[in-house]
Amino acid sequence: MRRFLENRKWWDEAAEVEMKARLRKEVMAEFRRAEGMKRHQLGELFTDVYAGEMPWNLKEQKADLARLLKKYSSWEPYQKERAKFKGNGEDVL
């Protein structure tokens, strides 16, 4: 496809360099925007995949997460990470 476009002078190296730079800039801007948004509630890690009864392994994982949230609730880096979620992870506790 590239050779086809280049043979017809519809595409060249300069156009490709410009397009890559422009697209990289757009992707990074959207990435920064998305990183600044609140994440879904933490409990949705366990509820958004399966309908009905939660499988036993997810129940165990949710209980483990709740235990960790309680254990490290006063640790500042952990608080900062929890603050990124809607509800600060309280829906898991």
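The values are calculated or read from the model by the stated rules, or taken from the named source; none is laboratory data. All values derive from a computational prediction rather than experimental measurement. Positions of Cβ are generated from backbone atoms using ideal geometry, with glycine treated the same way; all protein chains shown enter the neighbour counts. Heads up: the accessible areas ignore ligands, DNA and RNA and are worked out on the full protein's heavy atoms, side chains in. Shrake-Rupley method; radii C 1.70, N 1.55, O 1.52, S 1.80 Å.
Scaling the Cα radius of gyration of segment 13-61 by the globular reference 2.2 N^0.38 Å produces a ratio of 2.02.
Helix-only estimate, please: 222 nm mean residue ellipticity of the chain, summing -39500 (n - 2.57) across DSSP H runs of length 4 or more and dividing by its residues, to the nearest 500.
Working: 5 runs with 56 residues, N = 93.
After summing the helix terms and dividing by the residues of the chain, the value is -18500 deg cm²/dmol.
Longest segment of the chain with no trypsin sites (Lys or Arg not before Pro) in a DSSP loop having at most 12 other Cβ atoms within 10 Å? Don't skip to the end; give the middle numbers.
Numbers: sites that count: 8, 9, 38.
Maximal segment without exposed cleavage sites: 39-93.
Distant-in-sequence amide contacts of residue 85, defined by a placed amide H-H separation under 5 Å and a gap of 5 or more residues or a different chain, comprise 39.
Determine the alpha carbon to alpha carbon distance for each of 59/86; 25/59; 25/80 and list only those over 30 Å.
As for pairs spanning more than 30 Å Cα to Cα, those are 25/59.
Looking at the chain, the accessible area is 85 square angstrom per residue; that uses a 1.4 Å probe and ignores ligands, DNA and RNA. Of all stretches in the chain that contain no chymotrypsin sites (Phe, Trp or Tyr not before Pro) in a DSSP loop with at most 15 other Cβ atoms within 10 Å, the longest one is 11-49.
The simple Förster model, with R0 at 41 Å and r as the Cβ-Cβ distance, assigns residue 1 and residue 40 a FRET efficiency of 0.60.
Over 5 Å intervals from 0, what percent of Cα-Cα pairs in segment 49-93 sits in each interval? Spelled out bin by bin, segment 49-93 gives 5, 21, 25, 22, 14, 9, 4, 0 percent. Pairwise alpha-carbon distances in the chain exceed 21 Å for 57% of all pairs. In order along segment 5-15, phi translates into HN-Hα couplings of 5, 5, 5, 8, 6, 8, 8, 8, 4, 5, 5 Hz, rounded to whole numbers, per the Karplus curve 6.51 cos²θ - 1.76 cosθ + 1.60 with θ = phi - 60° and x for Gly and Pro.
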